[in-house]
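Beneath this line is the structure, given in C-alpha coordinates, with notes to follow.
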Amino acid sequence: MRQADKHIYVHVPFCDGKCIYCGFFSELYDPLTVHRYSEALGREFDLLSDEGKYSPETLYFGGGTPSILSEEALEELLNTVLARVDTKNLREWTIEANPGTLSPVKLRLLKTAGVNRVSIGVQSFDDRVLKSIGRRHCSADVADAVIAVRGAGIKNIGIDLIACLPGVDDRLWSKTLEQALSLAPTHVSVYALTVENDTKLELLVNSGTVSLASDDHILRTIALTESTLQEHGFGRYEISNFCRSGYECLHNVSFWQGDDYLGFGPSASSRDGFARWTNRPQTGEYVSCLSEGVRPQHEAEVLSRESDSAERFMFSFRLAQGVDLAEFCRKHGVDNAQAEKWSRVLSSLARNGVVEADGQRWRLTSRGKELADYVAGELLVC
Ligand code: SF4
(Lines give C-alpha, C1' and ligand atoms only; values in the text may rest on other atoms or scores of the structure.)
Protein backbone atom coordinates (compact mmCIF):
# COMPACT_ATOMS: atom_id res chain seq x y z
CA MET A 1 0.00 0.00 0.00
CA ARG A 2 1.23 3.52 -0.83
CA GLN A 3 1.99 5.71 2.17
CA ALA A 4 -0.36 8.32 0.68
CA ASP A 5 -3.33 5.90 0.90
CA LYS A 6 -3.23 6.19 4.70
CA HIS A 7 -4.69 9.69 4.73
CA ILE A 8 -7.53 10.54 2.37
CA TYR A 9 -9.19 13.91 1.88
CA VAL A 10 -12.45 14.31 -0.05
CA HIS A 11 -13.40 17.80 -1.16
CA VAL A 12 -17.16 18.40 -1.31
CA PRO A 13 -17.36 21.72 -3.15
CA PHE A 14 -20.95 22.79 -2.48
CA CYS A 15 -22.30 25.60 -0.30
CA ASP A 16 -25.60 27.43 0.11
CA GLY A 17 -23.97 30.85 -0.46
CA LYS A 18 -20.58 32.53 -0.34
CA CYS A 19 -19.02 33.94 2.83
CA ILE A 20 -17.30 37.26 2.15
CA TYR A 21 -13.84 36.05 3.24
CA CYS A 22 -13.90 32.65 1.53
CA GLY A 23 -11.05 31.75 -0.79
CA PHE A 24 -11.90 28.04 -1.02
CA PHE A 25 -13.33 26.62 -4.17
CA SER A 26 -17.07 26.14 -3.71
CA GLU A 27 -20.17 26.47 -5.83
CA LEU A 28 -23.88 26.72 -5.15
CA TYR A 29 -25.54 23.48 -4.18
CA ASP A 30 -27.38 21.87 -7.07
CA PRO A 31 -28.73 18.27 -6.74
CA LEU A 32 -27.99 17.28 -10.36
CA THR A 33 -24.37 18.47 -10.17
CA VAL A 34 -23.93 16.63 -6.87
CA HIS A 35 -25.01 13.37 -8.50
CA ARG A 36 -22.48 13.85 -11.32
CA TYR A 37 -19.83 14.81 -8.78
CA SER A 38 -20.40 11.60 -6.77
CA GLU A 39 -20.09 9.45 -9.89
CA ALA A 40 -16.90 11.26 -10.92
CA LEU A 41 -15.49 10.92 -7.42
CA GLY A 42 -15.94 7.15 -7.62
CA ARG A 43 -14.07 7.13 -10.94
CA GLU A 44 -11.24 9.17 -9.46
CA PHE A 45 -10.87 6.70 -6.58
CA ASP A 46 -10.79 3.85 -9.14
CA LEU A 47 -8.20 5.59 -11.34
CA LEU A 48 -5.79 6.17 -8.46
CA SER A 49 -6.23 2.80 -6.80
CA ASP A 50 -3.15 0.61 -6.92
CA GLU A 51 -4.48 -2.53 -5.25
CA GLY A 52 -8.20 -2.97 -4.65
CA LYS A 53 -9.81 -1.06 -1.82
CA TYR A 54 -8.11 1.80 0.01
CA SER A 55 -7.54 1.18 3.69
CA PRO A 56 -6.86 4.61 5.22
CA GLU A 57 -6.16 5.49 8.84
CA THR A 58 -7.82 8.89 8.47
CA LEU A 59 -10.55 10.13 6.18
CA TYR A 60 -11.59 13.77 6.02
CA PHE A 61 -14.60 15.21 4.18
CA GLY A 62 -14.01 18.95 3.82
CA GLY A 63 -15.43 21.68 1.71
CA GLY A 64 -17.36 23.57 0.78
CA THR A 65 -20.01 22.31 3.14
CA PRO A 66 -20.30 18.50 3.04
CA SER A 67 -23.34 18.66 5.33
CA ILE A 68 -25.29 20.76 2.79
CA LEU A 69 -25.95 17.64 0.71
CA SER A 70 -29.53 16.35 0.82
CA GLU A 71 -30.06 13.08 2.69
CA GLU A 72 -30.20 11.17 -0.62
CA ALA A 73 -27.08 12.87 -1.98
CA LEU A 74 -25.18 12.27 1.25
CA GLU A 75 -26.13 8.59 1.16
CA GLU A 76 -24.94 8.35 -2.45
CA LEU A 77 -21.63 10.02 -1.56
CA LEU A 78 -21.07 7.75 1.44
CA ASN A 79 -21.90 4.65 -0.61
CA THR A 80 -19.52 5.79 -3.37
CA VAL A 81 -16.67 6.11 -0.89
CA LEU A 82 -17.50 3.01 1.16
CA ALA A 83 -17.54 0.89 -2.01
CA ARG A 84 -13.86 1.78 -2.39
CA VAL A 85 -12.66 2.21 1.17
CA ASP A 86 -12.18 -0.52 3.74
CA THR A 87 -12.74 1.05 7.17
CA LYS A 88 -11.04 -1.66 9.25
CA ASN A 89 -7.91 0.45 9.86
CA LEU A 90 -9.76 3.75 10.09
CA ARG A 91 -8.92 5.66 13.28
CA GLU A 92 -10.66 8.91 12.45
CA TRP A 93 -13.32 9.98 9.94
CA THR A 94 -14.08 13.69 10.08
CA ILE A 95 -16.79 15.61 8.30
CA GLU A 96 -17.03 19.39 8.21
CA ALA A 97 -20.54 20.64 8.89
CA ASN A 98 -22.24 23.99 9.12
CA PRO A 99 -24.88 24.79 11.74
CA GLY A 100 -28.39 24.49 10.36
CA THR A 101 -27.52 21.79 7.81
CA LEU A 102 -27.59 18.57 9.85
CA SER A 103 -30.78 16.51 10.12
CA PRO A 104 -31.24 13.39 12.30
CA VAL A 105 -31.31 11.28 9.13
CA LYS A 106 -27.99 12.73 7.88
CA LEU A 107 -26.40 12.16 11.26
CA ARG A 108 -27.63 8.57 11.36
CA LEU A 109 -26.16 7.97 7.88
CA LEU A 110 -22.83 9.47 8.96
CA LYS A 111 -22.66 7.53 12.22
CA THR A 112 -23.57 4.25 10.50
CA ALA A 113 -20.92 4.83 7.83
CA GLY A 114 -18.26 5.25 10.53
CA VAL A 115 -17.87 9.03 10.86
CA ASN A 116 -16.57 9.66 14.39
CA ARG A 117 -15.63 13.33 14.32
CA VAL A 118 -17.61 16.43 13.27
CA SER A 119 -15.95 19.80 12.79
CA ILE A 120 -18.56 22.55 12.98
CA GLY A 121 -17.98 25.85 11.16
CA VAL A 122 -19.24 28.26 13.82
CA GLN A 123 -16.94 31.28 13.18
CA SER A 124 -18.85 33.60 15.57
CA PHE A 125 -21.70 33.48 18.09
CA ASP A 126 -22.83 37.02 17.33
CA ASP A 127 -25.74 37.16 14.86
CA ARG A 128 -24.81 40.65 13.68
CA VAL A 129 -21.24 39.54 12.94
CA LEU A 130 -22.40 36.31 11.28
CA LYS A 131 -24.68 38.28 8.98
CA SER A 132 -21.97 40.80 8.13
CA ILE A 133 -19.59 38.07 6.93
CA GLY A 134 -22.22 36.33 4.84
CA ARG A 135 -22.81 33.26 7.00
CA ARG A 136 -26.25 31.70 6.59
CA HIS A 137 -26.71 30.40 10.13
CA CYS A 138 -27.46 32.14 13.41
CA SER A 139 -26.02 31.60 16.86
CA ALA A 140 -28.93 29.43 18.06
CA ASP A 141 -28.24 26.94 15.24
CA VAL A 142 -24.84 26.15 16.76
CA ALA A 143 -26.16 24.72 20.03
CA ASP A 144 -28.78 22.75 18.08
CA ALA A 145 -26.04 21.29 15.86
CA VAL A 146 -23.82 20.28 18.79
CA ILE A 147 -26.75 18.68 20.64
CA ALA A 148 -27.81 16.80 17.49
CA VAL A 149 -24.29 15.50 16.74
CA ARG A 150 -23.81 14.37 20.32
CA GLY A 151 -27.30 12.84 20.36
CA ALA A 152 -26.35 10.80 17.29
CA GLY A 153 -23.51 9.25 19.29
CA ILE A 154 -20.61 11.23 17.79
CA LYS A 155 -18.68 12.56 20.78
CA ASN A 156 -15.65 14.10 19.08
CA ILE A 157 -16.88 17.58 18.16
CA GLY A 158 -14.75 20.47 16.97
CA ILE A 159 -15.79 24.11 16.89
CA ASP A 160 -14.11 26.33 14.30
CA LEU A 161 -13.88 30.06 15.03
CA ILE A 162 -12.49 33.06 13.15
CA ALA A 163 -10.65 35.58 15.31
CA CYS A 164 -10.39 39.32 14.66
CA LEU A 165 -13.52 39.62 12.54
CA PRO A 166 -14.61 43.22 11.92
CA GLY A 167 -16.59 44.55 14.86
CA VAL A 168 -15.26 41.98 17.36
CA ASP A 169 -13.48 43.62 20.30
CA ASP A 170 -11.79 41.90 23.28
CA ARG A 171 -15.04 41.75 25.26
CA LEU A 172 -16.99 40.15 22.42
CA TRP A 173 -14.15 37.70 21.69
CA SER A 174 -14.07 36.69 25.34
CA LYS A 175 -17.79 36.01 25.19
CA THR A 176 -17.30 34.02 21.95
CA LEU A 177 -14.78 31.74 23.67
CA GLU A 178 -17.10 31.30 26.68
CA GLN A 179 -19.99 30.38 24.40
CA ALA A 180 -17.84 27.86 22.53
CA LEU A 181 -16.64 26.30 25.79
CA SER A 182 -20.18 26.10 27.18
CA LEU A 183 -20.94 23.58 24.42
CA ALA A 184 -18.17 21.26 25.71
CA PRO A 185 -16.36 20.59 22.42
CA THR A 186 -13.29 18.35 22.32
CA HIS A 187 -11.46 20.59 19.85
CA VAL A 188 -11.38 24.31 18.98
CA SER A 189 -9.73 25.82 15.89
CA VAL A 190 -9.04 29.53 15.82
CA TYR A 191 -7.74 31.16 12.65
CA ALA A 192 -7.32 34.92 12.48
CA LEU A 193 -9.18 36.55 9.60
CA THR A 194 -7.04 36.85 6.47
CA VAL A 195 -7.88 38.60 3.22
CA GLU A 196 -7.83 36.18 0.29
CA ASN A 197 -7.55 37.30 -3.31
CA ASP A 198 -10.75 37.80 -5.31
CA THR A 199 -13.07 37.78 -2.32
CA LYS A 200 -15.76 40.26 -1.38
CA LEU A 201 -13.75 41.00 1.75
CA GLU A 202 -10.81 42.10 -0.40
CA LEU A 203 -13.06 44.60 -2.20
CA LEU A 204 -14.47 45.90 1.09
CA VAL A 205 -10.99 46.33 2.59
CA ASN A 206 -9.60 47.99 -0.54
CA SER A 207 -12.52 50.43 -0.66
CA GLY A 208 -12.05 51.30 3.02
CA THR A 209 -15.51 49.96 3.96
CA VAL A 210 -14.01 47.34 6.29
CA SER A 211 -10.93 47.81 8.49
CA LEU A 212 -8.77 44.91 9.55
CA ALA A 213 -7.52 44.34 13.10
CA SER A 214 -4.14 45.84 13.98
CA ASP A 215 -1.15 43.58 14.75
CA ASP A 216 -1.53 44.47 18.45
CA HIS A 217 -5.18 43.46 18.41
CA ILE A 218 -4.32 40.14 16.72
CA LEU A 219 -1.57 39.35 19.26
CA ARG A 220 -3.89 40.25 22.16
CA THR A 221 -6.63 38.04 20.74
CA ILE A 222 -4.28 35.07 20.32
CA ALA A 223 -2.97 35.50 23.88
CA LEU A 224 -6.52 35.72 25.27
CA THR A 225 -7.52 32.63 23.27
CA GLU A 226 -4.58 30.57 24.48
CA SER A 227 -4.99 31.52 28.15
CA THR A 228 -8.78 31.03 28.17
CA LEU A 229 -8.66 27.67 26.42
CA GLN A 230 -5.75 26.46 28.55
CA GLU A 231 -7.68 27.34 31.72
CA HIS A 232 -10.38 25.01 30.45
CA GLY A 233 -8.03 22.10 29.73
CA PHE A 234 -7.33 22.70 26.04
CA GLY A 235 -3.72 22.39 24.87
CA ARG A 236 -2.42 24.40 21.92
CA TYR A 237 -1.10 21.43 19.94
CA GLU A 238 -0.73 23.41 16.71
CA ILE A 239 -0.48 27.12 16.06
CA SER A 240 -4.21 27.52 15.38
CA ASN A 241 -5.61 24.38 17.00
CA PHE A 242 -6.51 23.51 20.59
CA CYS A 243 -7.92 20.31 22.05
CA ARG A 244 -8.56 18.26 25.13
CA SER A 245 -5.89 15.62 25.66
CA GLY A 246 -6.17 12.86 23.07
CA TYR A 247 -8.47 14.78 20.71
CA GLU A 248 -5.94 16.16 18.22
CA CYS A 249 -7.24 15.97 14.65
CA LEU A 250 -5.23 12.95 13.47
CA HIS A 251 -5.74 13.76 9.81
CA ASN A 252 -4.34 17.26 10.10
CA VAL A 253 -1.53 16.16 12.43
CA SER A 254 -0.42 13.62 9.81
CA PHE A 255 -0.25 16.44 7.25
CA TRP A 256 1.80 18.69 9.56
CA GLN A 257 4.07 15.79 10.47
CA GLY A 258 4.92 15.43 6.80
CA ASP A 259 2.98 12.27 5.92
CA ASP A 260 1.75 11.73 2.36
CA TYR A 261 -1.96 11.99 1.57
CA LEU A 262 -4.38 11.70 -1.34
CA GLY A 263 -6.99 14.36 -2.09
CA PHE A 264 -10.09 13.58 -4.16
CA GLY A 265 -12.65 15.97 -5.60
CA PRO A 266 -12.43 19.37 -7.32
CA SER A 267 -9.44 21.49 -6.19
CA ALA A 268 -8.15 18.78 -3.82
CA SER A 269 -4.36 18.50 -3.44
CA SER A 270 -2.21 15.41 -2.95
CA ARG A 271 1.33 14.63 -1.80
CA ASP A 272 2.79 11.27 -2.76
CA GLY A 273 6.56 10.96 -2.33
CA PHE A 274 8.14 13.79 -4.32
CA ALA A 275 4.96 14.27 -6.39
CA ARG A 276 2.43 17.04 -5.72
CA TRP A 277 -0.74 17.66 -7.67
CA THR A 278 -3.95 19.65 -7.44
CA ASN A 279 -7.21 18.81 -9.15
CA ARG A 280 -9.15 21.11 -11.46
CA PRO A 281 -11.27 23.44 -9.35
CA GLN A 282 -14.42 23.61 -11.51
CA THR A 283 -16.78 20.71 -10.82
CA GLY A 284 -17.89 20.65 -14.50
CA GLU A 285 -14.29 20.22 -15.73
CA TYR A 286 -13.56 17.71 -12.99
CA VAL A 287 -16.58 15.61 -14.03
CA SER A 288 -15.72 15.89 -17.78
CA CYS A 289 -12.15 14.66 -17.28
CA LEU A 290 -13.25 11.67 -15.28
CA SER A 291 -16.05 10.73 -17.66
CA GLU A 292 -13.29 10.44 -20.32
CA GLY A 293 -11.16 8.34 -17.98
CA VAL A 294 -8.58 11.13 -17.55
CA ARG A 295 -7.15 12.19 -14.20
CA PRO A 296 -8.51 15.68 -13.40
CA GLN A 297 -5.15 17.25 -12.58
CA HIS A 298 -4.81 20.99 -12.88
CA GLU A 299 -1.26 21.44 -11.59
CA ALA A 300 1.36 18.77 -11.00
CA GLU A 301 5.06 18.79 -10.19
CA VAL A 302 7.78 16.51 -8.94
CA LEU A 303 9.94 18.16 -6.30
CA SER A 304 13.63 17.59 -5.76
CA ARG A 305 14.53 15.69 -2.59
CA GLU A 306 15.73 18.98 -1.05
CA SER A 307 12.49 20.88 -1.78
CA ASP A 308 10.39 17.95 -0.64
CA SER A 309 12.11 17.64 2.73
CA ALA A 310 12.22 21.43 3.24
CA GLU A 311 8.44 21.66 2.75
CA ARG A 312 7.77 18.83 5.20
CA PHE A 313 10.27 20.23 7.72
CA MET A 314 8.62 23.65 7.60
CA PHE A 315 5.11 22.29 8.26
CA SER A 316 6.34 20.12 11.16
CA PHE A 317 7.22 23.27 13.05
CA ARG A 318 3.55 24.20 13.33
CA LEU A 319 3.11 21.42 15.89
CA ALA A 320 3.78 22.11 19.58
CA GLN A 321 5.76 18.87 19.79
CA GLY A 322 8.27 20.36 17.34
CA VAL A 323 10.67 18.31 15.26
CA ASP A 324 13.42 15.88 16.19
CA LEU A 325 16.02 16.94 13.63
CA ALA A 326 17.98 13.67 13.57
CA GLU A 327 14.84 11.54 13.31
CA PHE A 328 13.37 13.79 10.61
CA CYS A 329 16.57 13.61 8.53
CA ARG A 330 16.68 9.83 8.83
CA LYS A 331 13.02 9.43 7.84
CA HIS A 332 13.21 11.74 4.83
CA GLY A 333 16.71 10.89 3.59
CA VAL A 334 18.11 14.38 4.29
CA ASP A 335 21.88 14.49 3.76
CA ASN A 336 24.38 15.74 6.36
CA ALA A 337 25.06 19.00 4.54
CA GLN A 338 21.36 20.01 4.63
CA ALA A 339 20.99 18.83 8.24
CA GLU A 340 23.93 21.04 9.23
CA LYS A 341 22.46 24.04 7.39
CA TRP A 342 19.14 23.63 9.24
CA SER A 343 21.00 23.19 12.50
CA ARG A 344 22.88 26.47 11.92
CA VAL A 345 19.68 28.38 11.02
CA LEU A 346 17.86 26.94 14.04
CA SER A 347 20.72 27.95 16.36
CA SER A 348 20.56 31.46 14.98
CA LEU A 349 16.74 31.56 15.39
CA ALA A 350 17.20 30.31 18.96
CA ARG A 351 19.48 33.27 19.70
CA ASN A 352 16.58 35.49 18.57
CA GLY A 353 14.21 33.65 20.92
CA VAL A 354 11.85 32.24 18.29
CA VAL A 355 12.81 28.55 18.59
CA GLU A 356 14.22 26.44 21.42
CA ALA A 357 15.93 23.06 21.59
CA ASP A 358 15.35 20.12 23.87
CA GLY A 359 18.16 17.76 22.86
CA GLN A 360 17.66 17.08 19.14
CA ARG A 361 14.03 18.28 19.27
CA TRP A 362 13.36 21.82 18.13
CA ARG A 363 10.14 23.73 18.66
CA LEU A 364 8.73 27.24 18.38
CA THR A 365 8.77 29.41 21.50
CA SER A 366 5.66 31.43 22.45
CA ARG A 367 7.08 34.33 20.48
CA GLY A 368 7.98 32.01 17.61
CA LYS A 369 4.36 30.80 17.33
CA GLU A 370 3.37 34.31 16.33
CA LEU A 371 6.26 34.43 13.83
CA ALA A 372 5.78 30.98 12.32
CA ASP A 373 5.76 32.27 8.74
CA TYR A 374 9.09 34.01 9.31
CA VAL A 375 10.62 30.80 10.76
CA ALA A 376 9.26 28.78 7.83
CA GLY A 377 10.77 31.28 5.38
CA GLU A 378 14.19 31.09 7.04
CA LEU A 379 14.18 27.28 6.92
CA LEU A 380 12.97 27.17 3.35
CA VAL A 381 15.69 29.37 1.88
CA CYS A 382 18.68 27.86 3.67
S1 SF4 B 1 -19.26 27.82 4.14
FE2 SF4 B 1 -17.01 27.56 4.07
S3 SF4 B 1 -16.54 26.90 1.99
FE4 SF4 B 1 -18.67 27.69 1.97
S5 SF4 B 1 -18.46 29.81 1.34
FE6 SF4 B 1 -18.40 29.81 3.58
S7 SF4 B 1 -16.23 29.65 4.14
FE8 SF4 B 1 -16.43 29.11 1.97
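Would you be able to tell me the number of residues in the stretch 75-108 that are out of contact with any Gly (no Cβ under 6 Å at 6 or more places or on another chain), outside any loop (DSSP other than H, G, I, E, B) and either over 25 Å from L48 (Cβ atoms) or within 16 Å of the ligand (Cβ to nearest atom) (or both)? So the count comes out to 8. Could you please let me know if L262 is over 22 Å from F24 (Cβ atoms) and either in contact with a helix residue (DSSP H, G or I) (Cβ under 9 Å, 6 or more places away or on another chain) or polar (S, T, N, Q) (or both)? Judged against the criteria, L262 is not a match.
When L102, L78 are checked against the criterion of being open to solvent by less than 10 Å² (accessible area, probe 1.4 Å) and within 23 Å of the chain's Cα centre (by Cα), a single residue qualifies: L78. Here the condition is being buried (at least 18 other Cβ atoms within 10 Å of the Cβ), on the phi > 0 side of the Ramachandran plot, out of contact with any Gly (no Cβ under 8 Å at 6 or more places or on another chain) and not in a strand (DSSP E or B); of G258, G246, it holds for G258 alone.
Residues that are near the ligand (Cβ under 9 Å from one of its atoms) and open to solvent by 30 Å² or more (accessible area, probe 1.4 Å) within the stretch 5-19 comprise D16, K18, listed in sequence order. Within the stretch 99-108, work out how many residues are without any contact (Cβ under 8 Å) to a residue 40 or more places away in the chain and closer than 17 Å to G62 by Cα. So the answer is 1.
Kindly establish whether L224 is part of a helix (DSSP H, G or I), modelled with pLDDT of 95 or more and surrounded by fewer than 19 Cβ atoms within 10 Å (Cβ to Cβ). In short, yes.
Between L74, L48, which is of a type in the set (A, V, I, L, M, F, W, C), in contact (Cβ under 8 Å) with a residue 24 or more places away in the chain and closer than 23 Å to H137 by Cβ? Give the derivation first.
Values: L48 fails: closer than 23 Å to H137 by Cβ.
The conditions single out L74.
Could you tell me whether any residue of the stretch 49-71 is surrounded by fewer than 23 Cβ atoms within 10 Å (Cβ to Cβ), hydrophobic (A, V, I, L, M, F, W, C) and not in a strand (DSSP E or B)? No, the stretch 49-71 has no match at all. The residue that is nearest to V190 (Cα to Cα), among those in the stretch 369-382 that are without any contact (Cβ under 8 Å) to a residue 40 or more places away in the chain and surrounded by fewer than 17 Cβ atoms within 10 Å (Cβ to Cβ), is D373.
Looking at V190, is it within 16 Å of the ligand (Cβ to nearest atom), in a helix (DSSP H, G or I) and touching a residue at least 40 places away in the same chain (Cβ under 8 Å)?
Details: within 16 Å of the ligand (Cβ to nearest atom): yes; in a helix (DSSP H, G or I): no; touching a residue at least 40 places away in the same chain (Cβ under 8 Å): yes.
When the stated conditions are applied, V190 does not pass them.
Considering V210, V190, V115, V122, the condition of being out of contact with any strand residue (DSSP E or B) (no Cβ under 8 Å at 6 or more places or on another chain) and aliphatic (A, V, I, L, M) is satisfied by V210 alone. Of all the criteria given as (1) assigned to a helix (DSSP H, G or I); (2) crowded, with 18+ Cβ neighbours inside 10 Å; (3) under 22 Å from the mean Cα position of the chain (by Cα), the one not satisfied by I218 is (2). Restricting the stretch 128-144 to residues that are within 14 Å of the ligand (Cβ to nearest atom) and among the basic types (K, R), the residue that is nearest to V168 (Cα to Cα) is K131.
All conditions but one from (1) among the small types (G, A, S); (2) more than 16 Å from the ligand (Cβ to nearest atom); (3) within 16 Å of the chain's Cα centre (by Cα) apply to G63; the one that does not is (2).
Residues checked against (1) open to solvent by less than 40 Å² (accessible area, probe 1.4 Å); (2) within 24 Å of S49 (Cα to Cα); (3) not aromatic (F, W, Y):
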site: L262; (1), (2), (3): yes, yes, yes
site: R280; (1), (2), (3): no, yes, yes
site: A300; (1), (2), (3): no, yes, yes
site: V334; (1), (2), (3): yes, no, yes
site: S347; (1), (2), (3): no, no, yes
site: A357; (1), (2), (3): no, no, yes
site: R361; (1), (2), (3): no, no, yes
site: R367; (1), (2), (3): no, no, yes
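Assess whether T112 counts as being of a type in the set (V, I, T), within 16 Å of the ligand (Cβ to nearest atom) and assigned by TED's automatic domain parsing to the domain that holds K155. Against the criterion (of a type in the set (V, I, T), within 16 Å of the ligand (Cβ to nearest atom) and assigned by TED's automatic domain parsing to the domain that holds K155), T112 does not qualify.
Residues in the stretch 20-48 that are open to solvent by 10 Å² or more (accessible area, probe 1.4 Å), over 21 Å from W277 (Cα atoms) and within 16 Å of the ligand (Cβ to nearest atom): I20, Y21, C22, E27, L28, Y29, D30, T33.
Just checking, which of A213, A192 is buried (at least 17 other Cβ atoms within 10 Å of the Cβ) and under 19 Å from the mean Cα position of the chain (by Cα)? Break it down into steps so the answer makes sense when it comes.
Details: A213 fails: under 19 Å from the mean Cα position of the chain (by Cα).
Only one candidate qualifies: A192.
The values are calculated or read from the model by the stated rules, or taken from the named source; none is laboratory data. Since the structure is predicted, the reported quantities are computational estimates derived from the model, not experimental observations. Note: ideal-geometry Cβ built from the backbone for every residue, glycine included; neighbour counts use all protein chains shown. Note: accessible area is taken over every heavy atom of the protein model, side chains too, but ligands, DNA and RNA are not part of it. Shrake-Rupley method; radii C 1.70, N 1.55, O 1.52, S 1.80 Å.
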